[in-house]
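Quick notes on the structure that follows.
The values are calculated or read from the model by the stated rules, or taken from the named source; none is laboratory data. On a predicted model such as this, the values are computed, not experimentally measured, just so you know. Every residue, glycine as well, gets a Cβ built from its backbone with ideal geometry; the counts of neighbours run over all protein chains shown.
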Amino acid sequence: MSLILVTSDRFADHLPPPGHPEGVERAEVMQVVASEFRQRGGRVIEPRPATEDELASVHDRAYIRLIRETAGRAVALDPATFTSPDSYDVALLAAGAVLVAVEHVLDAGSGTRAVTMQRPPGHHAERSRAMGFCLFNNVAIGAAMARARGLSRVAVVDIDVHHPNGTQWSFYDDPAVLVISSHQYPYYPGTGSADETGSGAGVGFTVNFPLEAGATDADYERVYQSVEDVLLQFRPELILLSMGFDAHRDDPLGGMRLTTGQFVRLAARIAAVADRCCDGRLVAAVEGGYDLEALAACLRGVVDVLDRPIALDDLPAPTGDSRRGEAAIRAARTHLGQSWTI
C-alpha cells in the first residue's frame, strides 16, 4: 500500500472575509497534518495549476474567464462565496491538487492512494456558477481527467453534509461517472432528493441518500453498507472520495452527529471497496469541515487508515438506532431499485 498527500502552503493565500467559516485557519490545520505525515516518512507532493483546458472539461470558458478576472481583487460572487487577490491562482492549485493525485494514482500502479488537502473546496461549483464557498469543482475536474485518460467507469462518493450539486450536474447524463452522495436533507443547496437519479443515458448513475438532520454513526454505517453494494455492482476503475467533515457532531454548519471514528470507518470502507474493484486506486479530496479540532482529528484519522492496512473489522462499529439511515435507503431504493440492488 502506498499513500501520498498533495497540498501546498499557497492554500493559505485564499482569504475570505474575517469570520467566514471557510477561513485560512483550515489551511493551517491541513499544513500541520501534512507536516506530521512528512516527519514520519510520508511523501507530500506540491500541486500544479490546472490548465484552462482542464477546467473547461467541467466549466464554461466564459465562467473561467469571469473567475480569472477577479485576480488581484476581493469580489463577492454570491452572499457566501468570495475571492481575494490571490484566490484565482489558489483555485487553480486546488483543482490541480486533485489532478496531480489522479495522475499519480493512475501512473503508479495498483495499491496507490492519495489524499489532497486543498482549499477552496469545490463540490458546489457548477458549470457557470460559483457557490457554497467553491470556485472550481476540483473533484469533477479530476473525474473528467480520469475519463480522458481512458477509464470507462469512475465513481465519486461524497460524504460532505451538503449535497454536491455541482458534481452531480457535471455528470448527470453520463453513465461512465457514478455520483453517490449522503447528505443532510433538506438543507443547502436544496438539491439531493432521492428522485434525482440522472437523465438520458445517465439515469441510475446519480445515487442520493438524503438523511434527516440528527443522523448518527449508526445511520451512516447503514447507508454506507448500501453505498458499498452499489459501488461493487458498478465496479469503478477509480474512486474519488469528496471528503467533507461537516457532518461531524461538533461542526457549526451541519446538523449531523458523526464522530471522528465514524469518518475513519467510512474512509476504510471506501478504501476496501477500491481494493476489491480497482486495484486500490483511491483519491480522497477535502471538501467541507469547519470545526478546526474536528477537522484536524478527522484528517489525521483518515490519513492513518489509508496509509496502512487496517481492516474494517478492526475499527469499532457503531450501534444504536439507524432509522434515519433506513429511511434514506428506502428512498433511494424507491427510485433506483431497477438500476441497482440496494
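Descriptive notes on the structure:
- Between Ala284, Ala272, the distinction of being closer than 26 Å to Ala194 by Cβ and touching a strand residue (DSSP E or B) at 6+ places or on another chain (Cβ under 7 Å) belongs to Ala284 only.
- Which numbered condition Val33 fails, given (1) surrounded by 14 or more Cβ atoms within 10 Å (Cβ to Cβ); (2) within 30 Å of Ala148 (Cβ to Cβ); (3) not small (Gly, Ala, Ser): (2)
- Residue among Leu232, Leu253 that alone is touching a Pro at 6+ places or on another chain (Cβ under 8 Å), of a type in the set (A, V, I, L, M, F, W, C) and farther than 17 Å from Leu306 by Cβ: Leu253
- So Glu103, is it closer than 21 Å to His163 by Cα, touching a residue at least 24 places away in the same chain (Cβ under 8 Å) and either in contact with a Pro (Cβ under 7 Å, 6 or more places away or on another chain) or of a type in the set (Asp, Glu) (or both): no
- Residue under evaluation Ala311, criteria (1) free of Cβ contacts under 8 Å to residues at least 60 places away in the same chain; (2) more than 26 Å from Arg119 (Cβ to Cβ); (3) surrounded by 24 or more Cβ atoms within 10 Å (Cβ to Cβ), criterion not met: (3)
- Candidate set: the range 171-182, residues that are of a type outside the set (D, E, K, R) and in contact with a Ser or Thr (Cβ under 9 Å, 6 or more places away or on another chain); chosen: the one nearest to Gly288 (Cα to Cα): Ser181
- Residue within the range 239-252 that is modelled with pLDDT of 95 or more and part of a helix (DSSP H, G or I) present: no
- Residue within the range 129-142 that is assigned to a strand (DSSP E or B), in contact (Cβ under 8 Å) with a residue 60 or more places away in the chain and out of contact with any strand residue (DSSP E or B) (no Cβ under 7 Å at 6 or more places or on another chain) present: yes
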